[in-house]
1. If you take the beta carbon distance between CYS341 and SER206 as r and set R0 to 25 Å, what does 1/(1 + (r/R0)^6) give as a FRET efficiency, to the nearest 0.05?
2. What does the accessible area of SER25 come to, in Å² to the nearest 10, when a probe of 1.4 Å is used?
3. In percent, what relative contact order does the range 171-282 have, based on Cα pairs under 8 Å that are 6 or more apart in sequence?
4. Given a cut-off of under 8 Å on Cα pairs at least six residues apart, what relative contact order in percent is computed for the range 1-158?
5. Over 21 Å between C-alpha atoms is what I'm after, so list which of LYS185/LYS315; LYS17/LYS60; LYS39/LYS97; LYS130/LYS185; LYS203/LYS283 land there.
6. Mind checking the full-extension length gain between ASP115 and SER25? Use 0.36 nm per residue of separation minus the Cα-Cα distance, one decimal, nm.
7. Read phi for every residue in the range 335-342 and hand back ³J(HN,Hα) as whole Hz from Karplus 6.51 cos²θ - 1.76 cosθ + 1.60, θ = phi - 60°, with x for Gly and Pro.
8. Quick one: compute the contact order of the range 72-221, relative version, from alpha carbon pairs under 8 angstrom and 6+ residues apart, as a percent.
Amino acid sequence: MKMDLKPKRESKQDSIKAETKILCSNSTNNNDKRNALEKISSNFLSSYDIDRSEFEVLQKSSFDVGLVDQLCLIAGLRPNNPQKNDDFEESAMHCLKWILLDNPKSCAWLFNQNDCMEVLSSRVKETVNKLSEINESTLSQTEATMRLVNTFTRTMPNSYEIIVERFTKSFVELLTNSQTPERLKSQCVTHLLIMSSNPNACKAISYSCEPLCQIAALQENSQNSVGAFLAAANICFGSFPDNELVETTPAVILHLLDPINLLPLRYVLERTLTGEDYPPGSKRFYTPAVVCQGISNVCKSVEGCEALQRIGIKKIIKRAKALTDPRVQQFSKISLDLINCNPIPEKAPKFAKQGGDGVQDALSSAKKKSMSLFSGHSLKETLNLKRFAKLNMSTKVEDYDDDDDD
């Protein structure tokens, strides 16, 4: 009988336990600590991509072996502790983010650690006051802090009042400060998009709508503008009943509800349904539920509903409705119901004049909004955007949206 002499492959759960021992040991040098943190992060990443059940086991195991407490110490989330290490703060918070991701129990645990919450809150507030002193190292640490906050914010919708008080105000201050680096502004937009997806929180963060609309209007910064617009739409219309039109569209967002401004919504929905990033190459991925929720809220505005129909988004919403995610189905149904009840009038888009100058007016309008609207899109998408801007004003919707069946 042959014996299998091959060494048994270490399981990821055993690896987490072994790396935790290295992190907890007082005799471990910095290089070994760095390698341990990298290995922990790598184990979570590979499990998340390949085996979600294993990923959940690793999350639970992290508590059982004491990894979470040790990461909180290394990241400096416990006040007055000697184990805080600025060199590993970012890596430790990145590992914590994996442990919290899509895990309500883990998020609730950290959320109830008042000392940790106070540290995280004070760090974001300090960033607001020290933007002029920020360097590459502190920028990365601050970004990691904000990512961690956004991770548990996504999973704690019932705690929005506490989150608004501790974090959201500082995030909005960073968003409106001209000195804030774009990397941090991206986290601010993400935070507000997460918060705005909760209708109960929309009133509490209504003060963020104007700065979000300002970012949404800057089409050259398309990576943040789409997320900002979705958040603004949720805040403006999310608290209103579904399947009902809002009588008066808030002035703060009204100027954004024309076909040219809403075209990115069509492309982000298309790419989201195929699992692609938006803008192309940005490595920024939206979920179908997030995009469909924003679109359903835009549909509650007469102007928004009309503009969305003019860019031919109805057939793409129908594709989204075919997904198995119940939230996507719900938001898609709301959009289609509102579109079907409010068919587009056969007239020229509002951003162009009737008559012979219509085409030129449309192009001039696009130019004023910056032709960088087309940046970040593939050649095919760019041609489609420009084709829309050049549409003859007598063209009917059916000519470029031929999927009107219910």
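The values are calculated or read from the model by the stated rules, or taken from the named source; none is laboratory data. The model shown is predicted, which means the values in this text are computed figures rather than measured ones. FYI the Cβ positions are ideal-geometry reconstructions off the backbone, even for glycines, and counts take in every protein chain you see. Only protein heavy atoms, including side chains, enter the accessible area calculation; ligands, DNA and RNA are left aside. Shrake-Rupley method; radii C 1.70, N 1.55, O 1.52, S 1.80 Å.
1. Working: r = 27 Å, r/R0 = 1.08.
That pair, CYS341 with SER206, gives E of 0.40.
2. Counting only protein heavy atoms, the figure is 40 Å².
3. Numbers: 111 pairs, mean separation 25.9, N = 112.
Computed over the range 171-282, the figure is 23 percent.
4. 20 percent
5. Too far apart for the 21 Å limit: LYS185/LYS315; LYS203/LYS283.
6. On the way: separation 90, 0.36 × 90 = 32.40 nm, distance 2.37 nm.
Length gained between ASP115 and SER25: 30.0 nm.
7. 4, 5, 4, 5, 5, 5, 7, 9
8. After rounding, I find 21 percent.
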